[in-house]
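K.L.:
My questions all concern the structure below.
The values are calculated or read from the model by the stated rules, or taken from the named source; none is laboratory data. Keep in mind the model is a prediction, meaning the values are calculated, not measured. Reconstructed Cβ throughout: ideal geometry from the backbone, glycine too, with neighbour counts over all protein chains shown. To get the accessible areas, we keep the full protein, side chains included, count just its heavy atoms, and leave off ligands, DNA and RNA. Shrake-Rupley method; radii C 1.70, N 1.55, O 1.52, S 1.80 Å.
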Amino acid sequence: MKKILTIVGARPQFVKAAMLSNALCTSGCFNEVIVHTGQHYDPSMSDVFFRQLSIPAPAHALGIAGGGHGEMTGRMLCALEPVMLKEEPDFVLVYGDTNSTIAGSLAAAKLHIPIAHVEAGLRSYNRHMPEEVNRILTDHMSELLFCPTENAVQNLKKEGIVSGVHLVGDIMFDAALHFGQIAKDSFKSELQQQLAAGEYILATIHRQENTDNPHKLAAIVHALTKLSQEIPVVFPLHPRTRDRLTEMGFGDLLRCRGMYVIEPLGYLEMLAIEQGAALIITDSGGVQKEAYFFQVPCLTLRDQTEWGELVDMGWNRLVDVLNDDIVDVCRNSIGSRGSNNFSPYGRGDSAQEIVKHISAELSK
Ligand code: UD1
Ligand code: UDP
């Protein structure tokens, strides 16, 4: 049996890893050892995903979170090296673009362990985003690069990366297909049961560029508050956002009728609430795509997106937080639909495709 060492740490990585972990296990060819860096650690940001998605418990839980980007990444790097030396994996598997991703890929590269990067080739072309640096460097260190879209393949080509590149579709599409119906049938949160389907807005905000800029955060809070006077707004708070709202004194503004500020939702409750929304307002990468999977119009409060095909198809619109009238754009977006002329994220069999390519690589 070949050994795969999987590095996860942040909420979206648990969703992606769930699908692949299951596929690796059912193939019968791999022994997967999961390492949780600890980057996300609240039960609502971590445990609930392992439980709901039946992800095997991590063999190594490093308990590293917080601090600056350099400090967090450095501490993870120090802790990952002995784990990799002990486990001697055939491949290290990393997901997406977080600090856990770059720490995992860098630790592996230094030890000459081949790396497989799931969600390779995405670019926002904004190097101020910590994620952009993480994903570029990880792509350049990886032996196998699993791209979710044709755009991602082309982005890698522009940087001279063509070997080991595989277009496999988006693993979050696999997850949404698999869990979407279960969620809709059985995981409506108490709040959702009180709201009429198609008659509320769902908002998620956590990007550093929004939360840590008082002008942007104020503009978002004012817009959501104003909208909540017209249509209920459900706002599950990422811990980073919760902390910044408190520090900047914006928390009280959100205490108004029609505004439902809640704890982060479990994945299944989240999929259920997304499916019933009239509009999704977000700065999340994953939530942008889930909005499209469930055919809900989406506004992304950012200047760029790595998922540009959704903007091209008309399912997503970028909103300039400081210069656009967010409320007006929202009013105009409810009820809008994009095109379904092509399906950019594959067939929902991305996990099987990835297992196939890793197996082929290891039997060379
Ligand atoms: C990270 C990723 C981002 C991803 C997001 C998913 C990086 C650079 N960023 O951002 O790409 O979109 O995860 O949600 O890796 N905190 C808690 N409890 C938790 C987790 C975080 O209180 O369980 C608080 C801590 O104060 C922490 C802050 O949130 O310092 C930010 O967490 P961090 O993991 O550094 O970044 P995210 O904003 O979550
Ligand atoms: N998510 C969740 N509960 C929430 C908010 C998000 O389960 O309260 C899920 C969401 O459905 C998606 C993933 O977390 O699958 C996205 O994570 P996040 O927005 O934190 O990160 P990003 O995708 O921007 O990296």
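K.L.:
Six or more apart or on different chains, Cβ atoms under 8 Å: show the pairs whose first residue is in region 145-158 and more than 11 Å from Asp170 (Cα to Cα) and whose second is in a helix (DSSP H, G or I) and not β-branched (Val, Ile, Thr).
P.N.:
Leu145/Asp139; Leu145/Leu156; Asn151/Gly308; Asn151/Glu309; Leu156/Asp139
K.L.:
Quick check on my filter: what residues within region 1-48 are open to solvent by 10 Å² or more (accessible area, probe 1.4 Å), of a type in the set (Phe, Trp, Tyr) and within 16 Å of ligand 2 (Cβ to nearest atom)?
P.N.:
Within region 1-48, Tyr41 is the sole residue that qualifies.
K.L.:
Can you give me the number of residues within region 144-168 that are small (Gly, Ala, Ser), open to solvent by 10 Å² or more (accessible area, probe 1.4 Å) and either closer than 13 Å to Val118 by Cβ or in contact with an Asp or Glu (Cβ under 9 Å, 6 or more places away or on another chain) (or both)? Break it down stepwise before answering.
P.N.:
First, the residues of region 144-168 that are small (Gly, Ala, Ser): 152, 160, 163-164.
After this cut, where a residue has to be open to solvent by 10 Å² or more (accessible area, probe 1.4 Å) as well, the list is 160, 163-164.
Within this subset, residues satisfying the condition of being either closer than 13 Å to Val118 by Cβ or in contact with an Asp or Glu (Cβ under 9 Å, 6 or more places away or on another chain) (or both) are 163-164.
Residues in region 144-168 being small (Gly, Ala, Ser), open to solvent by 10 Å² or more (accessible area, probe 1.4 Å) and either closer than 13 Å to Val118 by Cβ or in contact with an Asp or Glu (Cβ under 9 Å, 6 or more places away or on another chain) (or both): 2 in total.
K.L.:
What do you reckon, is Thr241 of a type outside the set (Asp, Glu) and under 20 Å from the mean Cα position of the chain (by Cα)?
P.N.:
Considered against the rule, which asks whether it is of a type outside the set (Asp, Glu) and under 20 Å from the mean Cα position of the chain (by Cα), Thr241 comes out as yes.
K.L.:
Out of (1) within 16 Å of ligand 1 (Cβ to nearest atom); (2) part of a helix (DSSP H, G or I); (3) of a type in the set (A, V, I, L, M), what's the single condition that is false for Ala120?
P.N.:
Here Ala120 meets the rest and fails (2).
K.L.:
Here is a follow-up. Helices (runs of 4 or more DSSP H) wholly in region 124-186 with at least 2 residues that are under 17 Å from the mean Cα position of the chain (by Cα) and within 23 Å of Ala103 (Cβ to Cβ) - which ones?
P.N.:
By residue number, 130-141, 171-186.
K.L.:
Report, ordered by the first and then the second residue, all pairs with beta carbons closer than 8 Å, sequence separation of six or more or different chains, a first member in region 53-82 that is more than 18 Å from Val33 (Cβ to Cβ) and within 13 Å of ligand 1 (Cβ to nearest atom), and a second member that is open to solvent by 60 Å² or more (accessible area, probe 1.4 Å) and not in a helix (DSSP H, G or I).
P.N.:
Here the result reads Ala65/Tyr41, each pair linking region 53-82 to a residue that is open to solvent by 60 Å² or more (accessible area, probe 1.4 Å) and not in a helix (DSSP H, G or I).
K.L.:
Just checking, how many residues over region 278-295 are within 12 Å of ligand 2 (Cβ to nearest atom) and touching a residue at least 40 places away in the same chain (Cβ under 8 Å)?
P.N.:
The initial filter retains those residues of region 278-295 that are within 12 Å of ligand 2 (Cβ to nearest atom), namely 280, 282-291, 293-294.
From the residues that got through so far, the ones that are touching a residue at least 40 places away in the same chain (Cβ under 8 Å) too are 280, 282-287, 289-290, 293-294.
Count: 11.
K.L.:
Still on this model: Do you know which residues across region 329-353 are of a type outside the set (Val, Ile, Thr), closer than 16 Å to Tyr200 by Cα and in a helix (DSSP H, G or I)?
P.N.:
At the first step, the residues of region 329-353 found to be of a type outside the set (Val, Ile, Thr) are 330-333, 335-353.
From what's left, closer than 16 Å to Tyr200 by Cα: 330-333, 335-336.
Listed by number, the residues that qualify are Cys330, Arg331, Asn332, Ser333.
K.L.:
Ok, one more. Is it the case that region 189-203 has a residue that's within 26 Å of Gly66 (Cα to Cα), away from ligand 2 (no atom under 16 Å from the Cβ) and assigned to a loop (DSSP other than H, G, I, E, B)?
P.N.:
The answer is no; no qualifying residue exists.
K.L.:
Let me ask something else about it. Just checking, does region 63-79 include any residue being in contact with a Phe, Trp or Tyr (Cβ under 9 Å, 6 or more places away or on another chain), assigned to a helix (DSSP H, G or I), farther than 16 Å from Val355 by Cβ and not hydroxyl-bearing (Ser, Thr, Tyr)?
P.N.:
no
K.L.:
Sticking with this one: Collect the residues in region 238-291 that are more than 17 Å from Glu209 (Cβ to Cβ), open to solvent by less than 40 Å² (accessible area, probe 1.4 Å), within 16 Å of ligand 1 (Cβ to nearest atom) and not in a helix (DSSP H, G or I), keeping them in residue-number order.
P.N.:
Matches in region 238-291: Pro264, Leu265, Gly266, Ile280.
K.L.:
Among what's in region 103-135 and is open to solvent by 10 Å² or more (accessible area, probe 1.4 Å) and out of contact with any Asp or Glu (no Cβ under 9 Å at 6 or more places or on another chain), pick the residue that is farthest from ligand 2 (Cβ to nearest atom).
P.N.:
Only one residue tops the list, namely His112.
K.L.:
Could you go through region 212-224 and let me know if any residue there is closer than 23 Å to Thr98 by Cα and open to solvent by 40 Å² or more (accessible area, probe 1.4 Å). It would help to see each step written out before you state the result.
P.N.:
Applying the first criterion (closer than 23 Å to Thr98 by Cα) to region 212-224 yields 212-213, 216-217.
Retained after the next criterion (residues that are open to solvent by 40 Å² or more (accessible area, probe 1.4 Å)): 212-213.
Yes, region 212-224 contains at least one residue that is closer than 23 Å to Thr98 by Cα and open to solvent by 40 Å² or more (accessible area, probe 1.4 Å).
K.L.:
For region 33-52, give me the residue count where each residue is touching a residue at least 60 places away in the same chain (Cβ under 8 Å) and touching a Ser or Thr at 6+ places or on another chain (Cβ under 6 Å).
P.N.:
2
K.L.:
If I go through region 193-204 residue by residue, how many of them are in contact (Cβ under 8 Å) with a residue 24 or more places away in the chain and open to solvent by 10 Å² or more (accessible area, probe 1.4 Å)?
P.N.:
Total meeting the criteria: 5.
K.L.:
Next question. Does any residue of region 226-235 turn out to be of a type in the set (A, V, I, L, M, F, W, C), away from ligand 1 (no atom under 16 Å from the Cβ), assigned to a helix (DSSP H, G or I) and at pLDDT 95 or above?
P.N.:
Within region 226-235, one or more residues are of a type in the set (A, V, I, L, M, F, W, C), away from ligand 1 (no atom under 16 Å from the Cβ), assigned to a helix (DSSP H, G or I) and at pLDDT 95 or above.
K.L.:
Looking for whichever is within 26 Å of Gly348 (Cβ to Cβ) and either modelled with pLDDT under 95 or part of a loop (DSSP other than H, G, I, E, B) (or both) here; the options are Ser21, Ser44, Ser100, Ser54. Which one fits? Reasoning before the result, please.
P.N.:
On the way: Ser21 fails: either modelled with pLDDT under 95 or part of a loop (DSSP other than H, G, I, E, B) (or both); Ser44 fails: within 26 Å of Gly348 (Cβ to Cβ); Ser100 fails: either modelled with pLDDT under 95 or part of a loop (DSSP other than H, G, I, E, B) (or both).
None of the others qualify; the one that does is Ser54.
K.L.:
Moving to a separate point now. May I ask you to list the residues in region 325-357 that are within 30 Å of Ala23 (Cβ to Cβ) and in contact with a Lys or Arg (Cβ under 8 Å, 6 or more places away or on another chain)?
P.N.:
Tyr345
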